[in-house]
1. Which value, in Å² rounded to 10, gives the accessible area of Glu10 with a 1.4 Å probe and all protein chains present?
2. If you add up the charges near Leu71, with Lys and Arg at +1 and Asp and Glu at -1, over every other residue whose beta carbon is less than 12 angstrom from its beta carbon, what do you get?
3. Label-point separation (nm) for Ala107 and Lys284, each offset 7 Å from Cα along Cα-to-Cβ?
4. What do you reckon, how do Thr152, Thr171 stack up by accessible area (1.4 Å probe), largest on top?
5. Given the DSSP H assignment, sum -39500 (n - 2.57) over each helix run of at least 4 residues in the chain and divide by its residue total; what's the result at 222 nm in deg cm²/dmol, nearest 500?
6. What's the local net charge at Phe279, with K and R +1, D and E -1, over the other residues with C-beta under 14 Å away?
7. Would you please state the base-10 log of I(q)/I(0) at q = 0.19, 0.23 1/Å for the range 163-225, with intensities from the Debye formula using one equal scatterer on every alpha carbon?
8. Can you compute the equivalent ellipsoid semi-axes for the range 119-184, i.e. the square root of 5 times each eigenvalue of the Cα gyration tensor, sorted largest first and rounded to whole Å?
Amino acid sequence: MFGLAYFKWEEIWSPVFLAVMLLIAAAYLVLTGPVHDRLHKEKPVAAGRKALFLLGLTVLYAAQGGPVELLGHIMFSFHMVSMALSYLIAPPLLMLGLPDWIWRRLADQLSRSPLSRLRFLTHPIVAAVVFNGLFSLYHFPAIHDYVMLHFTIHRLYYAILFIAAILMWWTLVKPLPDRSEVHGLKQMGFIFLNMVLLTPACGLIIFAPEPLYATYSDPAVWAQAMGYCVSGDPGMLLSRFGGPEFFGYLEPAIDQQVGGIIMKFIQEIIFASMLAYVFYNWYKRENREDDELSGDEAKMNLT
């Protein structure tokens with residue numbers, strides 16, 4: 001499917017990255033299992049929370065190490081699927097999977113380190129602007145093509161973008177509720193802000209009349225970018241396949257539009273769901289407080 005049969009197993013499944021994900025999963029299970037039972041008096045980590053963390057690792061591996069990652073070098077639509085999985089789905093799953101005591105330990109360590117000077121990055125507005133700004137900047141054609149052609153910068157940019165996603169999701173996931181000052185209407189405003197900030201980049205991609213990225217339209221540039229995930233001489237890719245069109249079911253311009261629509265659609269679904277959840281909890285809390293006030297007033301009238 002999608003031409004994967006033309007590539008080797010290790011090129012499709014990235015065994016080194018898979019091994020790293022398995023090691024992280026094993027370390028997590030030991031840390032939240034035997035080590036937790038021996039060193040901590042808190043209640044055991046729930047199975048559901050463990051499942052969320054392992055699901056987050058699976059999503060991250062699928063996006064950055066599985067077939068989606070390889071296809072993301074061939075079709076822009078799969079690149080956007082990879083981005084959505086990596087920064088909109090995997091981070092909240094991983095964050096929800098970590099127990100409170102791990103978050104407190106990390107927060108205490110960071111507060112005593114030089115990184116504490118970067119605390120301003122956790123401010124909701126700053127976090128939203130930084131994440132969406134980095135994401136949008138990356139999808140400027142010249143920057144995207146440059147990053148895709150330089151492996152070290154590519155990995156560094158992705159790592160920074162992942163950290164920015166964690167900071168952005170912090171306000172919504174609230175791993176340490178007692179340290180969060182954003183609730184109710186403020187949290188809903190934060191969700192709207194994120195939905196708005198990503199719109200210009202998606203709009204540029206969706207409504208562009210022609211292909212923007214040489215990585216997916218210029219065979220020579222495509223072959224060079226593919227050299228980072230496929231072994232052998234990039235020139236062999238050109239002689240064998242001729243370019244990304246060999247694999248694509250869509251023309252580059254249409255594939256680009258589909259990619260932009262996929263990213264915006266996934267973002268809208270996720271944040272609209274979060275908005276509904278936050279609104280429901282805020283509405284329920286407001287009604288409960290009103291009922292309590294009414295009850296207190298009734299008691300005062302009786303006395």
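The values are calculated or read from the model by the stated rules, or taken from the named source; none is laboratory data. Note that this is a predicted model, so its numbers are computed, not measured. Cβ: placed from backbone, ideal geometry, glycine included. Neighbour counts: every protein chain shown. With ligands, DNA and RNA removed, areas are computed over all heavy atoms of the protein, side chains included. Shrake-Rupley method; radii C 1.70, N 1.55, O 1.52, S 1.80 Å.
1. 90
2. Within the 12 Å Cβ shell, the charges total -3.
3. Each label point lies 7 Å from its Cα, and together they span 2.3 nm.
4. From most accessible down to least: Thr152, Thr171.
5. Helix contribution divided over all residues of the chain: -23000 deg cm²/dmol.
6. +2
7. Log10 I(q)/I(0), no solvent term: -0.80, -0.96.
8. Equivalent ellipsoid semi-axes, largest first: 28, 11, 8 Å.
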